[in-house]
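Undergrad: I'd like to ask you about the structure that follows.
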Amino acid sequence: MTPSSDGDSQRFRVAVVGSGPAGFFAAGQLLAQSDLAVEVDMFDRLATPWGLVRAGVAPDHPKIKSVSRVFEKTARSAGFRFWGNVDVGTDLTHSELLEHYHAVLYATGAPTDRRLGIPGENLPGSHAATEFVAWYNGHPDYSDHTFDLSSRRAVIVGNGNVALDVARMLALTPEELAGTDTADHALKALASSQVEEIVVLGRRGPAQAAYTNAELRELGELTDADVLVEPAELELDEHSRDTVGSDDVDARVKANVELLREYAATAPKGRSRRIVLRYLVSPVEILGTDRVEALRVVHNELVGVDGAVAPRPTDRVETIETGLILRSIGYVGRPIAGVPFDESRGTIQNEEGRVTDPVTGAPVPGVYTAGWIKRGPSGVIGTNKKCAQATVDRLLADLADGRAGSPDATPDGLATRLHARGVEVVDYDGWEAIDEHERSQGAAQGRPRVKLVRHEELLARATSSRAPA
Ligand SMILES: Cc1cc2nc3c(=O)[nH]c(=O)nc-3n(C[C@H](O)[C@H](O)[C@H](O)COP(=O)(O)OP(=O)(O)OC[C@H]3O[C@@H](n4cnc5c(N)ncnc54)[C@H](O)[C@@H]3O)c2cc1C
Ligand SMILES: NC(=O)c1ccc[n+]([C@@H]2O[C@H](COP(=O)([O-])OP(=O)(O)OC[C@H]3O[C@@H](n4cnc5c(N)ncnc54)[C@H](OP(=O)(O)O)[C@@H]3O)[C@@H](O)[C@H]2O)c1
């Protein structure tokens with residue numbers, strides 16, 4: 001079928017799957033352009049929009065979360081509809097979307113975790129940071145998780161910004177957390193946490209750490225935690241010396257190394273908690289009988305491999321006693337039935353946003369992707385804007401050339417079909433009812449919001465906005 005006709009104008013229907021930054025930037029770009037008349041239906045498996053802006057960004061970073069105002073503007077644009085609580089691939093299939101939309105754009109993020117692949121990883125007390133983050137942020141899939149915070153020492157594996165978020169969350173005082181939108185169950189658990197020392201492990205050196213300056217600096221601004229760095233671990237090897245010394249090195253790396261030297265030179269102030277930044281150590285085994293008791297690490301040296309700096313294990317090992325290990329070594333995308341997936345990269349198979357056939361390599365008509373599921377789990381919120389624009393440009397060019405999909409039905413029947421399957425669709429009014437409730441509960445406590453953390457309570461609040469039939 002050709003695009004829907006409305007008088008003389010042609011209207012194209014685009015389904016955007018995923019309401020995180022990539023999905024919302026793409027929707028905004030599709031609706032802001034005026035060359036083609038486009039309507040956007042946005043699907044999310046949760047009743048709540050914003051993806052990791054709600055469920056990932058640390059609760060003590062409210063300013064970063066305010067990017068949602070940009071998304072709210074898009075959501076109020078003519079031609080936009082939200083279909084929350086619809087899991088594409090389960091509640092609605094990929095081919096059903098293609099039957100109803102000229103183009104389907106997947107922006108489903110990277111919701112699962114990478115594993116270390118070492119013995120003992122499944123012992124109680126060993127978790128993915130992904131789960132811990134989702135838990136303290138009130139993601140409804142994780143609200144029943146429990147984290148035993150009775151150990152005096154926690155170990156975080158990984159040297160990215162997520163590792164620092166997690167370290168900070170374990171180090172913030174109850175007073176610092178009180179004014180945030182941390183989920184209530186996490187506030188309660190963190191208030192009685194026994195964790196005094198948080199050890200953050202990098203497998204490479206300080207010059208290779210992935211975290212950014214602002215996040216590293218923030219550790220030093222915590223009210224009741226010291227930051228410790230062992231000066232010997234800051235000594236740069238020849239590869240890193242060359243990197244840090246060269247003119248064209250990333251300013252981020254230089255500033256990180258300088259900041260770490262300042263931490264190393266500062267005497268601890270005897271605060272209640274310590275964050276210990278360690279380098280050149282890789283976990284090799286998690287020890288314990290019924291639960292985590294210690295982590296065995298091997299010391300590494302750095303070697304140059306194909307222009308990159310890689311860790312190589314030495315024969316020096318060390319055992320760190322701990323009852324809580326959080327691996328923060330990156331996120332991974334999840335496949336959606338019927339959509340070509342590159343297992344090795346954990347992304348939807350694509351060429352610059354056009355989803356491609358795994359056998360022929362040719363674009364699959366009408367199927368696109370943006371954000372972390374397109375390019376892998378890296379980049380800040382703003383990175384997804386450019387990424388989405390690159391996809392949207394191709395999508396619009398294909399629509400204009402008649403190279404996108406050819407749906408044979410309008411989405412009008414989809415709501416009935418979902419209802420028959422027992423799926424309660426949450427529209428944008430439903431989300432606004434949740435939002436208003438959470439904010440009003442938060443205002444009473446001097447917090448941005450008090451999150452509803454269970455699927456049932458989110459659905460009940462969303463449907464409370466509906467007029468009686
Ligand atoms: C812990 C953490 C903290 C971060 N903090 C910051 C920060 O402070 N500042 C910053 O700039 N960046 C931060 N980032 C990075 C930023 O969050 C990401 O760049 C961004 O969220 C990626 O956007 P996305 O839209 O690709 O994915 P996501 O934000 O993950 O959105 C994906 C959406 O798709 C939905 N979805 C998934 N599968 C389906 C399905 N089958 N059907 C329907 N819907 C589905 C999900 O529910 C979700 O809403 C952080 C990342 C993490 C992990
Ligand atoms: N405040 C913010 O702006 C903010 C907050 C959170 C997240 N983010 C962004 O979100 C993205 C994802 O962050 P992230 O922290 O999940 O990922 P990341 O930046 O890719 O960091 C992953 C870390 O895990 C390490 N690692 C990987 N495999 C390992 C292994 N087997 N053993 C030990 N260490 C291992 C990596 O070390 P190697 O380098 O040696 O591989 C790296 O230090 C990033 O772009 C980040 O900047 C931003």
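The values are calculated or read from the model by the stated rules, or taken from the named source; none is laboratory data. Model, not experiment: these values are computed from the prediction. Heads up, the Cβs are rebuilt from the backbone with ideal geometry, glycines too, and the neighbour counts pull from every protein chain shown. Areas reflect the complete protein model, heavy atoms only, side chains present, ligands, DNA and RNA absent. Shrake-Rupley method; radii C 1.70, N 1.55, O 1.52, S 1.80 Å.
Undergrad: As a test, work out the antiparallel percent of DSSP beta bridges whose residues both lie in the chain, rounded to the nearest 5.
TA: Of all bridge pairs located within the chain, approximately 40 percent are antiparallel.
Undergrad: Here's a follow-up. Pulled fully out, how much extra length does the chain show between A362 and E221, if you take 0.36 nm times their separation in residues and subtract their Cα-Cα distance?
TA: Between A362 and E221, full extension yields an extra 45.6 nm.
Undergrad: State, as an integer percentage, the relative contact order of region 114-331 based on alpha-carbon contacts under 8 Å between residues 6 or more apart.
TA: Relative contact order here is 32 percent.
Undergrad: Rounded to the nearest 10 degrees, what's the angle between the helix 21-32 long axis and the longest principal axis of the chain, both from Cα atoms, 0 to 90?
TA: 30 degrees
Undergrad: Restricting to Cα pairs below 8 Å that are 6+ residues apart, what does the relative contact order work out to for the chain? Please round to a whole percent.
TA: Relative contact order, the chain: 22 percent.
Undergrad: How much of the accessible area of region 114-331, in percent, comes from carbon and sulfur atoms when a 1.4 Å probe is used?
TA: Carbon and sulfur atoms account for 47 percent of the accessible area of region 114-331.
Undergrad: Moving to a separate point now. With every protein chain present, what is the per residue accessible area of the chain (1.4 Å probe, Å²)?
TA: Dividing the accessible area of the chain by its residue count gives 44 Å².
Undergrad: A follow-up question, please. Got a sec? What order do T173, T416 fall in by accessible area at 1.4 Å, biggest, i.e. largest, first?
TA: Reading off the accessible areas and sorting them downward yields T416, T173.
Undergrad: Also, quick follow-up: In deg cm²/dmol, rounded to 500, what helix-only [θ] at 222 nm does the chain give when every DSSP H run of at least 4 residues adds -39500 (n - 2.57) and the total is split over its residues?
TA: That calculation yields -9500 deg cm²/dmol at 222 nm.
Undergrad: Once R0 is set to 22 Å, what does the formula 1/(1 + (r/R0)^6) return for the Cβ-Cβ distance between A267 and E235, expressed as a FRET efficiency to the nearest 0.05?
TA: 0.65
Undergrad: Let me ask another. Let me check against my output: what whole-number percent is the relative contact order of region 1-122, with C-alpha pairs under 8 Å and at least 6 apart?
TA: Here the relative contact order equals 34 percent.
Undergrad: Right, next: Against the longest principal axis of the chain, how steep is helix 428-445, in degrees 0 to 90 to the nearest 10, with axes from Cα atoms?
TA: With both axes taken from Cα atoms, the answer is about 40 degrees.
Undergrad: Moving to a separate point now. Filter the GluC sites (Glu not before Pro) in region 337-430 to those in DSSP coil with at most 11 other Cβ atoms within 10 Å of their Cβ, and list the result.
TA: E343
Undergrad: Under 27 Å Cα to Cα from K63, which lysines show up? Leave out anything in the same chain fewer than 8 places away.
TA: K63 reaches K73, K188, K254, K374, K385, K386, K451.
Undergrad: Non-local amide H neighbours of V17 (under 5 Å, H modeled in plane, Pro and chain starts lacking H): which ones?
TA: Placed amide hydrogens put F43, L105, Y106, A107 under 5 Å from V17.
Undergrad: Using modelled backbone amide H atoms (1.01 Å from N, in-plane), which distant-in-sequence or interchain residues come within less than 5 Å of Y279's amide H?
TA: When sequence neighbours closer than 5 places are left aside, the close amide H contacts are G202.
Undergrad: What nm value, rounded to one decimal, do you get for the distance between L287 and R421 when each label is placed 7 Å out toward the C-beta?
TA: That separation, rounded to one decimal, is 5.0 nm.
Undergrad: Quick one: if the Förster radius is 35 Å, what FRET efficiency do Q194 and D429 give, using the C-beta to C-beta distance and rounding to 0.05?
TA: E(calc), rounded to 0.05, equals 0.20.
Undergrad: Write down the percent of antiparallel bridges among all DSSP beta bridges whose residues are both part of region 114-331, to the nearest 5.
TA: 45 percent
Undergrad: Could you sort 286-297, 231-242, 116-127, 96-107 so that the peptide with the highest average Cβ count within 10 Å comes first and the rest follow in order?
TA: Those peptides, ordered most packed to least, come out 96-107, 286-297, 116-127, 231-242.
Undergrad: Same structure again: Which order, highest average first, do 322-329, 365-372, 52-59, 256-263 follow once you tally other Cβ atoms within 10 Å for each residue and take the mean per peptide?
TA: Packing proxy ranking, top to bottom: 365-372, 322-329, 52-59, 256-263.
Undergrad: Oh, and also: For the pair E176/E343, report the inter-label distance in nm, with labels modelled 7 Å from Cα in the Cβ direction.
TA: 4.3 nm
Undergrad: Sticking with the crude label model, points 7 Å out along Cα→Cβ, report the distance from S66 to V305 in nm, one decimal please.
TA: Distance between label points: 4.4 nm.
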